[in-house]
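The next block holds one structure in the form of structure tokens; read it before the comments.
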Amino acid sequence: MIDTMVIFDLLLAVAVVALAVASMTTRDMFAAIVLFVVFGLLSALAWVRLSAPDVALAEAAIGTGVTGALLLRTLHHVQTVERKAAPEPLPVPMGVQIANAAFCGLLTLGLAAAFAGAPRGGPGFDLLVADAMSISGVDHPVTAVLLNFRAYDTLMEVVVLLAAVIAVWQIERGLSDAPAPALGEVWQGFARLTLPAIVVVGTYLLWVGSSAPGGAFQGGAVLAAVGLLLLLSRLYVPRPSHRGAARVAFVLGTGAFAAVALLVTGGGRMPFEYPLEHAKTLILLIEGLVTISIAVTLAALFHGREPVALPERAAGTGGRDDA
Amino acid sequence: MTPDLIYGVTGIAVFAIGLVGAIVAQNRLRRVLALKLCSVGAGFVLIVAAWRSPPDAPDPVPHALVITGIVVMVSATAVALALIRRLHSLEAEDDA
């Protein structure tokens, strides 16, 4: 039994490394992204083997699913907006190549030495977390760490996501003929069938997070897939008048999180020190609103350009552009 | 041969591949992809550090850190890709 699992682990490890190499060496960029998606899913499988199902879900949904969609969308843009005179890449001098190889080799050796020297399987924070679980308000340790014990980190993480969408809207401001990728009409039927199912799965992941693997980030990413499918199948087309609602949705998670953190203070309590009898309600409230923010923000990051009418050139020409 | 050793070595190998890719690759998209490989490699090492041999539950704090890292990485990737799209459009305008 144990031997078969070791063989499985070894095969999986070899596959993960081989896919990483392949995604770096394949000439075709589309193939490289597809290989990366397979690599991400197999990494998630490896993390399940290391008894980290929450992280595996997050990696599969956000690290692989959403990231893969973002990469493919950018590849589509780069390939559609033709460059007439793209310069040939310059050859890299031999000395630089040697210096690069030496740098990478030394750094990897250093990391390997640090890994070999570090104690493994030793006591970390697990005992502390196990002792404090009864006052966390939830039954699942990872959710307790994310939303209660280290909630400040998670608040900052939501702020980073908010900063990203602000940055993307600024960077693409005034960019007119963004050719948005679109799926054919067959996909509209597919979308109508699958969207309700995805909504149920995403909401379930959010709800189950208090007692089992799942939570706001995994649920949010699955709900973001709804947004991606709506955008790709043209069942939803962003309009300039929708920006207000989008901005509210972006800020909702951060705002609610910070508001709860501050409102529970007083009476000798610190920020984020939820009163025990309301802890689960407050955590679910934060998670619910953060999930909405994450889903809308990730979908907006995929869409890219702020839906704003351009003054000088007629906007909306990219509407019927099929790949 | 325990899973933590196998996947720890895997993580370091993936990080090294990503590092080489980020330095050597000339295609901008591939460079972003390489940095993403580095982040997955780092995730591997952190999750290995949290692993305990089966009857014991793993340490949840590194798990939470990796989830945070994944979300921060997707934010950074989105901004990098927006910069790539903008830069490409500007270059295409210059060519014309």
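The values are calculated or read from the model by the stated rules, or taken from the named source; none is laboratory data. Computed from a predicted structure; not experimentally measured. With ideal geometry, Cβ positions are generated from the backbone for all residues, glycine too; neighbour counts draw on all protein chains shown.
Here are a few things to note about the model shown:
- Within segment A:213-227, tally of residues that are more than 13 Å from the chain's Cα centre (by Cα) and of a type in the set (A, V, I, L, M): 1
- Of all residues in segment A:231-256, those being of a type in the set (A, V, I, L, M, F, W, C), assigned to a helix (DSSP H, G or I) and more than 26 Å from A:Leu285 (Cβ to Cβ) number 2.
- Residue match in segment A:44-58 (condition: hydroxyl-bearing (Ser, Thr, Tyr) and more than 7 Å from chain B (Cβ to nearest Cβ)): no
This table checks each residue for (1) without any contact (Cβ under 8 Å) to a residue 40 or more places away in the chain; (2) surrounded by fewer than 19 Cβ atoms within 10 Å (Cβ to Cβ); (3) touching a Pro at 6+ places or on another chain (Cβ under 8 Å).
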| site | (1), (2), (3) |
| --- | --- |
| A:Val222 | no, no, no |
| A:Leu235 | no, yes, no |
| A:Ala259 | yes, yes, no |
| A:Leu263 | yes, yes, no |
| A:Met270 | yes, yes, no |
| A:Glu273 | yes, yes, no |
| A:Ala279 | no, no, no |
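- You will find that of A:Thr108, A:Thr74, A:Thr143, A:Thr64, the residue that is closer than 19 Å to B:Asn27 by Cβ and of a type in the set (S, T, N, Q) is A:Thr74 and no other.
- Only one of the numbered conditions (1) at pLDDT below 90; (2) surrounded by fewer than 18 Cβ atoms within 10 Å (Cβ to Cβ) is violated by A:Val78, and that is (2).
- Any hit, segment A:263-276, residues being under 19 Å from A:Leu161 (Cα atoms) and either of a type in the set (A, V, I, L, M, F, W, C) or not assigned by TED's automatic domain parsing to the domain that holds A:Gly63 (or both): no
- In this structure, A:Thr194 does satisfy being farther than 20 Å from A:Gly137 by Cβ, without any contact (Cβ under 8 Å) to a residue 40 or more places away in the chain and either in a helix (DSSP H, G or I) or aromatic (Phe, Trp, Tyr) (or both).
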